Amino acid sequence: MSTTHPTATQHRRTGGDLVVESLAALGARTVFGLPGQHALGVFDALRRSTLRYVGLRVENNAGFAADAYARATHGVAPLLVSTGPGALMTLAALQEAAAGSAAVLAIGSQVPLAGIGGGRHGYLHELTDQSASFRGVVKSVHTARTASQIPSAVAAAWESALSAPHGPVWLEIPQDVLLAEPGIPPVGELDATPRELLPRPELIAAAADLLTGARRPVILAGGGVVRAGAEEELLALAEQLGAPVATTFGGKGAFPWEHPLSLQSWLEDRYTTTFLEDADTLLVVGSGLGELSSNYHTFRPLGQVVQIEADLGKLESNHAALGIHADARAALAALVKEVGEREPRDTGAAEEAGEAGGAGGVEAAGGAGAPAPEAAVSDLLARVRDRIAGQQLDLEQQVLASVREALPDGAVSCWDMTILAYWAWSAFDPRRTNALHSAQGAGGLGYGFPAALGVAVADPARPVLAVSGDGGAMYSIAELATARQYDLPVTWLIVDDGGYGILREYMTDAFGEATATELTRPDFVALAASFGVPAVRTSPERLRTDLAAALAATGPSVVVLPARLRMFAPTHLSS
């Protein structure tokens, strides 16, 4: 048979069947993707399998959908794409999956085996070294060069994606391998159980010494807590220690928003930064203390830092610490046990805390005569509210509050890179764990709507909210067809301010005026209607009502809010 065009043989098993059999054996139920010429062998095999296929209109959007599906399920999301342009179109999505620790198993085709090896053979979609394009983005790269290698390669890639920290992987299989008759029986069972990343006992003991001996212990919980499903362990430890807890933007939902010890997630705030700095022991769990989590690297800890991190590359990458390379859940569970076996911490010793420290931080966090941790938390949040209240941002707070009021408590929201999302990172209560997903890891546009589609595929019984600006919406407007085709319960809120709003603000602040930020855009209401998707144009006053009605309806919907929102003033520039 030709290595370029498969014949019309209908019932012959191929290497593509081995791919879908292997995925099913590992527990996959759904795959995302977009077909292409070299990948037709695996797509043909899908119709003989039990796997559900969800096809999107752009490979990058398919990657975003798979990313959010993996986050929502705490599992692996297979992504099937073709060679060359199709493969390369996934890179931005895979970068976000890497930054957000989403276990996406991207399986791409390759040119026939004869064209692999660096020579220029002139095959369609040919790249000199396709896998090299992925090595700096994903956790691992895998190749199957014969049909018999496919099950083992799929299992190895699956295990890599699901090992702590979760992340995307790339597997490529040549076209002729996908079309070849395998000569081996159907795949029965595969084991790709990842190795558990357990903490070293002596490090847990040392961390417990520091935390139980601290006068002002504080915890910063990152996305690693959410990915590991360690919310119960975090809550137990915080209550054992009486330690206030802040969450990073990726860690939203890791700790109950209204808990008396919750500092919430105002990390781009100098009051919060100072509070974290003034802890005599700061426990950082599942965060590398990167740019956003450190208030743009202005964070300067005065006390001891203990860092629990599954990604070895992030361990002590920004600040010296007692570093514990471990899964967040395993490490927190070990700490809860270790701390629970010790004498209760003498909270009265906080009255002897030193006089040294930054203004407003140490006093609020346990200095001489300081209030209890709960009172220190309340005082900090009041300071933050007062700072925001002085900036005439009533519209922004009204819009965000309307979104929160309209969104059912059990619903998930997915946010694009837009001003309202930046507000949500700091000020939005997700009301449950693993209920807010955004592109804050890599920061690429277009995440919100396709991510919401992925979440809806994972749990079609719950409404899902996507939030985009008009600029970001244009990246994924084609997926309105996907939403309609699969009748997914996603409501898309598009905040239309006529341009790239946050870049407009950045450029105006830095240069006095903005360039290349103003956009011609469609009539989003009419455009949605052309896809058969109900849409409404709303106002800040009607937003809660219109959004609630859209979320309550079946199937997809669009709500367009013409509004020009502003960001709250940054604090890192004047620290």
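The values are calculated or read from the model by the stated rules, or taken from the named source; none is laboratory data. Please read all numbers here as calculations on a predicted model, not as lab measurements. For neighbour counting, all protein chains shown are included, and Cβ atoms are generated from backbone atoms with ideal geometry for every residue, glycine included. SASA here: full protein model, heavy atoms, side chains in, ligands and nucleic acids out. Shrake-Rupley method; radii C 1.70, N 1.55, O 1.52, S 1.80 Å.
The table below lists the values:
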item: Zero-based 10 Å bins, Cα pair distances in region 45-201, whole percents; result: 11, 39, 36, 12, 2, 0
item: Over 23 Å [Cα-Cα, region 470-575], rounded percent; result: 37
item: Accessible area expressed per residue, region 449-575, with surrounding protein chains retained (probe 1.4 Å, Å²); result: 43
item: Rounded to whole Hz, the Karplus (6.51, -1.76, 1.60) HN-Hα couplings of region 99-109, x for glycine and proline; result: 5, x, 6, 9, 7, 9, 9, 8, 10, x, 7
item: Dipole magnitude (debye, nearest 20) for the chain, charges at Cβ of Lys, Arg, Asp, Glu; result: 1540
item: In region 196-277, GluC sites (Glu not before Pro) in a DSSP loop with at most 12 other beta-carbon atoms within 10 Å; result: Glu196, Glu258
item: Using distinct alpha-carbon pairs, which all enter the 1/r mean, Kirkwood radius of region 194-335 in Å; result: 14.5
item: Rounded Å value of the spacing that divides the Cα centres of region 165-233 and region 249-297; result: 23
item: Ratio of the Cα radius of gyration of region 274-321 to 2.2 N^0.38 Å, where N counts its residues; result: 1.03
item: Contour minus Cα-Cα distance for Arg57 and Asp459 (0.36 nm per residue); result: 142.6 nm
item: Proximal lysines relative to Lys139, as straight alpha-carbon distance under 18 Å, when same-chain residues fewer than 8 apart are discounted; result: Lys314
item: Kirkwood-Stokes translational diffusion coefficient of the chain, alpha-carbon pairs, 37 °C, 0.692 mPa s, µm²/s; result: 131
item: Value at 222 nm in deg cm²/dmol, rounded to 500, when DSSP H runs of n ≥ 4 in the chain each add -39,500 (n - 2.57); result: -10500 deg cm²/dmol
item: The chain, accessible surface, carbon-and-sulfur percent (1.4 angstrom probe); result: 52
item: Order of exposure, largest accessible area first, which applies to Arg145, Arg270 with probe 1.4 Å; result: Arg145, Arg270
item: Peptides 467-479, 422-434, 217-229, 121-133 ordered by average Cβ neighbours within 10 Å, highest first; result: 217-229, 467-479, 422-434, 121-133
item: Relative pair counts by distance (%), Cα atoms of region 381-475, 5 Å bins; result: 3, 13, 23, 23, 19, 12, 5, 2, 0
item: Signed unit charges on C-beta, dipole axis of region 50-140, positive-most listed residue Leu94, Leu113, Ala68; result: Ala68
item: Zero-based 5 Å bins, Cα pair distances in region 261-345, whole percents; result: 3, 14, 22, 24, 20, 11, 4, 1
item: log10 of Debye I(q)/I(0), alpha-carbon scatterers only, for region 258-297 at 0.20, 0.21, 0.22, 0.31 Å⁻¹; result: -0.65, -0.72, -0.79, -1.30
item: Region 278-330 - accessible surface per residue (Å², probe 1.4 Å); result: 36
